[in-house]
1. In the stretch 194-203, which residue that is touching a strand residue (DSSP E or B) at 6+ places or on another chain (Cβ under 9 Å) and modelled with pLDDT of 95 or more is surrounded by the most Cβ atoms within 10 Å (Cβ to Cβ)?
2. Scan the stretch 273-291 and give yes if some residue there is closer than 26 Å to residue 144 by Cα and touching a helix residue (DSSP H, G or I) at 6+ places or on another chain (Cβ under 9 Å), otherwise no.
3. Going by what's in this entry, would residue 68 be described as touching a helix residue (DSSP H, G or I) at 6+ places or on another chain (Cβ under 6 Å), surrounded by fewer than 20 Cβ atoms within 10 Å (Cβ to Cβ) and closer than 19 Å to residue 21 by Cα?
4. Filter the stretch 27-46 down to the residues that are crowded, with 22+ Cβ neighbours inside 10 Å and under 19 Å from residue 335 (Cα atoms) and list them by number.
5. Would you check if residue 80 is within 30 Å of residue 231 (Cα to Cα) and either modelled with pLDDT of 95 or more or surrounded by fewer than 16 Cβ atoms within 10 Å (Cβ to Cβ) (or both)?
6. Could you check the stretch 82-127 and list, in sequence order, the residues that are assigned to a helix (DSSP H, G or I), under 21 Å from residue 19 (Cβ atoms) and touching a strand residue (DSSP E or B) at 6+ places or on another chain (Cβ under 9 Å)?
7. Being in contact with a helix residue (DSSP H, G or I) (Cβ under 9 Å, 6 or more places away or on another chain), modelled with pLDDT of 95 or more and surrounded by fewer than 23 Cβ atoms within 10 Å (Cβ to Cβ) narrows it down to one of 227, 255, so name that one.
8. For the stretch 27-59, give me each residue that is assigned to a helix (DSSP H, G or I), more than 15 Å from residue 8 (Cβ to Cβ) and without any contact (Cβ under 8 Å) to a residue 40 or more places away in the chain.
């Protein structure tokens, strides 16, 4: 294990009511019984306070929820005045590529300007302190598309393809600039595709699970041979905690579990597991697979090399991918009420970001 670099006491988690955020809050509270967590979220379409119901019930003395916008400088300054925050886990972001194609402005406003406002609030509140840390969570999509061989490292040049990945690339550069110019203690991470409990069902895996169970077509973009590297959200959260506590100031760490799958093979694996867990009277869920027009600018392959994280900080993904996928499917089967609430109130499953700017 690497030496301790930072000791968090009060952690601000932005985007805490979203998918990775709510899982991260749970992980932090379980990892350190003395830790206090402040959960910040604007509660836009993908964030729900219901995702933190058990946290608020079980940790009333160690957890506070704040509804606010990271783009609101006055609100961020008030928060630093009210709470002795010494650590920021910055997860708040617009994150769905298809939505960024339909509405890029929202991604620039939140991911770029929101990160800027948060950095400035932290810089002013922390002044010359060195017992603080700003950890910025980013994506492997900033690197663009890989060929058939090789993996992204921390030295891979940025080459974003979508408005989403371009906005995350910009926010990464802002964090590095505040670290180098102003001396703001900061670390960064770029992760591969996350999956697991509480993921909003516009994303590939929950979308396929929910549509399959509803007897609807399973739309696979293009030829289905696009490759993604998959990371279970709880494993990602354990990596983030390791980086926050042990990562070297100013360094970036790639987080991945080395699970490359083509989209079509992954969807088929989901169908195979559903055939076991929730069998239909006749035929397979795979019969629902259909191929649709590809996404504009669809990167062909992503793959993360987590060597730095493994060698320097001793992190690895402990559970085989297929078990994590089974666990995820079982969670969605067992949480049909959660899914139904989203489908009725916030997302009906239609496709976003259609080619040529078409409307859904």
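1. Keep residues of the stretch 194-203 that are touching a strand residue (DSSP E or B) at 6+ places or on another chain (Cβ under 9 Å), which gives 194-196, 203.
Subset that is modelled with pLDDT of 95 or more: 194-196.
Details: 194: 22, 195: 25, 196: 23.
The selected residue is 195.
2. Yes: the stretch 273-291 contains one or more residues that are closer than 26 Å to residue 144 by Cα and touching a helix residue (DSSP H, G or I) at 6+ places or on another chain (Cβ under 9 Å).
3. Details: touching a helix residue (DSSP H, G or I) at 6+ places or on another chain (Cβ under 6 Å): yes; surrounded by fewer than 20 Cβ atoms within 10 Å (Cβ to Cβ): yes; closer than 19 Å to residue 21 by Cα: yes.
Spelling it out, residue 68 is indeed touching a helix residue (DSSP H, G or I) at 6+ places or on another chain (Cβ under 6 Å), surrounded by fewer than 20 Cβ atoms within 10 Å (Cβ to Cβ) and closer than 19 Å to residue 21 by Cα.
4. Across the stretch 27-46, the qualifying residue is only 46.
5. Working: within 30 Å of residue 231 (Cα to Cα): no; either modelled with pLDDT of 95 or more or surrounded by fewer than 16 Cβ atoms within 10 Å (Cβ to Cβ) (or both): yes.
So residue 80 does not fit the description; no.
6. Answer for the stretch 82-127, where residues must be assigned to a helix (DSSP H, G or I), under 21 Å from residue 19 (Cβ atoms) and touching a strand residue (DSSP E or B) at 6+ places or on another chain (Cβ under 9 Å): 114, 115, 118.
7. Numbers: 255 fails: surrounded by fewer than 23 Cβ atoms within 10 Å (Cβ to Cβ).
Being in contact with a helix residue (DSSP H, G or I) (Cβ under 9 Å, 6 or more places away or on another chain), modelled with pLDDT of 95 or more and surrounded by fewer than 23 Cβ atoms within 10 Å (Cβ to Cβ) holds for just one of 227, 255, which is 227.
8. Start the filter on the stretch 27-59 by keeping residues that are assigned to a helix (DSSP H, G or I), which leaves 27-31, 49-58.
Now narrow it down to the ones that are more than 15 Å from residue 8 (Cβ to Cβ): 49-58.
Listed by number, the residues that qualify are 49, 52, 53, 54, 55, 56, 57, 58.
The values are calculated or read from the model by the stated rules, or taken from the named source; none is laboratory data. What you are looking at is a predicted structure, and each value in this text was computed from that prediction instead of being measured. Cβ sites come from the backbone with ideal geometry, for glycine too, and all protein chains shown count toward neighbours.
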